[in-house]
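Below is one structure; the comments refer to it alone.
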Amino acid sequence: MNSVAASLPRRHASRQALLGALALLLVATATWSLTRGAMVISPGDVAGALVRWLSGAAARGDDSIILSLRLPRLLLATMVGAALATGGSTMQGLFRNPLADPGLIGVSAGAAVGAVGAIVLGGQSGSWRVAAFAFVGGLVATTLVFLIGRRRPGVANLLLAGVAINAIAMAGVGLLTYLANENQLRDLTFWSLGSLGGASWSRLAIVAPWIVLPLLLLPRAAAALNALLLGEGEAALLGFRPERLQPLLVALVALAVGASVAFTGVIGFIGLVVPHLLRMTYGPDHRFLLPASALGGATLLVAADALARTVVAPGELPIGVLTALVGGPFFLWLLLRRRDGEPVS
């Protein structure tokens, strides 16, 4: 008993150290990202541009590239990566399944229906109409999942409702794709692969509240998520109310992920890989998992976006392709290292 009590401060210290290391890694990755692209800019020039911007001094040189193009893109990547990974960590705790991700509640599939519908109706990939339709589509799909799932208590019914709504939504995507012409097919394919190319200060101002507010509120549910890992009955005995907690968590994840998908398209695996790896390595305590997932997801997406702008410069590789290239091999490695009968997590 004494050895267990003595190990708790060490574990807490190691987790705090990891959070600090993840924060530093995010800063380093963000700095590197600002230097990369079709035109390579030195870290000194990046720092000078940021200092002049913050101090109100006159811009010069490559400042417009950094401040008008790369900085809003960096901030959008940071927010979207944090939203996807935190949403994944929340869903894994809510469903008590280490392989859950935000797509289980229908938000990504619903957003895809909205975006594809807007493109077929005449919208351009990356336009405000497509983003608005995608956001509304994600929220509508999630609302349907919740209304159907709540007819019976428990997360199992919510999960089954999510599977059904996802299937219906993807059938809708298939039908709209069939009706699209050649130009529309190119637009919806580009949207479905994910991109941060449309980032701007005006878009950032609109999407930020929908992402930042859930990111600030979700960590407040860490203790409740820890209790839910024991089961809904046990969580109720500990003073939590699962019937109120579940819709709140689903709504917060839907808002953050729906806004992310609406403005960037579908970016897979971040909501699955980052929280799963942290959970597998450091345990299921959501007081640590939620902030660590936010930092890890932001770092991964910022790095992927920098690589997307660099690998085929002056062109740009779809960012969803890069995240899939990371996520796919990771899960193959995970499956290959499992022993017979061993759980995934």
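From the alpha carbon centroid of the stretch 88-159 to that of the stretch 166-191 is 16 Å. Spatial offset of the stretch 42-56 relative to the stretch 275-321 amounts to 26 Å, using the alpha carbon center of each. When the chain is modelled as a GNM with alpha-carbon springs shorter than 10 Å, which of 240, 269, 95 fluctuates the most? Highest fluctuation of the listed residues: 240. The relative contact order of the chain, computed from alpha carbon pairs under 8 Å that lie at least 6 residues apart in sequence, is 28 percent.
Structure remark: mean-square fluctuation, Gaussian network model of the chain, C-alpha springs under 10 Å; the largest value among 120, 51, 107 belongs to 51. Once you list every other residue whose beta carbon is under 12 Å from the beta carbon of residue 154, what net charge do they have if Lys and Arg are +1 and Asp and Glu are -1? Net charge in that neighbourhood comes out at +2. An oblate overall shape is assigned to the stretch 79-217, the ratio a/c of its alpha-carbon gyration tensor axes (a ≥ b ≥ c) being 1.5 or greater and a/b not exceeding b/c.
Going by a ≥ b ≥ c, the root eigenvalues of the Cα gyration tensor, does the chain fall in the rounded group (a/c under 1.5), the prolate group (a/b larger than b/c) or the oblate group? It is oblate, given that a/c is not under 1.5 and a/b is not larger than b/c.
Sorted by accessible area with a 1.4 angstrom probe, largest first, how do 270, 148 fall?
In descending accessible area the options line up as 148, 270.
GNM remark for the chain: springs join alpha carbons under 10 Å apart, and the peak mean-square fluctuation among 69, 252, 50 falls on 50.
Taking only protein heavy atoms and a 1.4 Å probe, what accessible area per residue, in Å², does the stretch 13-97 have with all protein chains in place? Provide the component values of the computation, followed by the final result.
Values: 3680 Å² over 85 residues.
For the stretch 13-97, the per-residue accessible area is 43 Å².
Run the accessible area of the stretch 178-301 with a 1.4 Å probe and give the carbon-and-sulfur part as a rounded percent. Don't skip to the answer; put the middle values down first.
Working: 3580 of 5360 Å².
Carbon with sulfur: 67 percent of the solvent-accessible area.
Helix content alone sets the calculated 222 nm mean residue ellipticity of the chain: runs of n ≥ 4 DSSP H residues at -39500 (n - 2.57) each, divided across all residues, give -25000 deg cm²/dmol.
The values are calculated or read from the model by the stated rules, or taken from the named source; none is laboratory data. In this text the structure is predicted, and so the values were computed from the model without any measurement. Glycine also receives a Cβ, built like all others from the backbone with ideal geometry; neighbour counts cover every protein chain displayed. All accessible areas refer to the heavy atoms of the entire protein, side chains included, with ligands and DNA or RNA removed. Shrake-Rupley method; radii C 1.70, N 1.55, O 1.52, S 1.80 Å.
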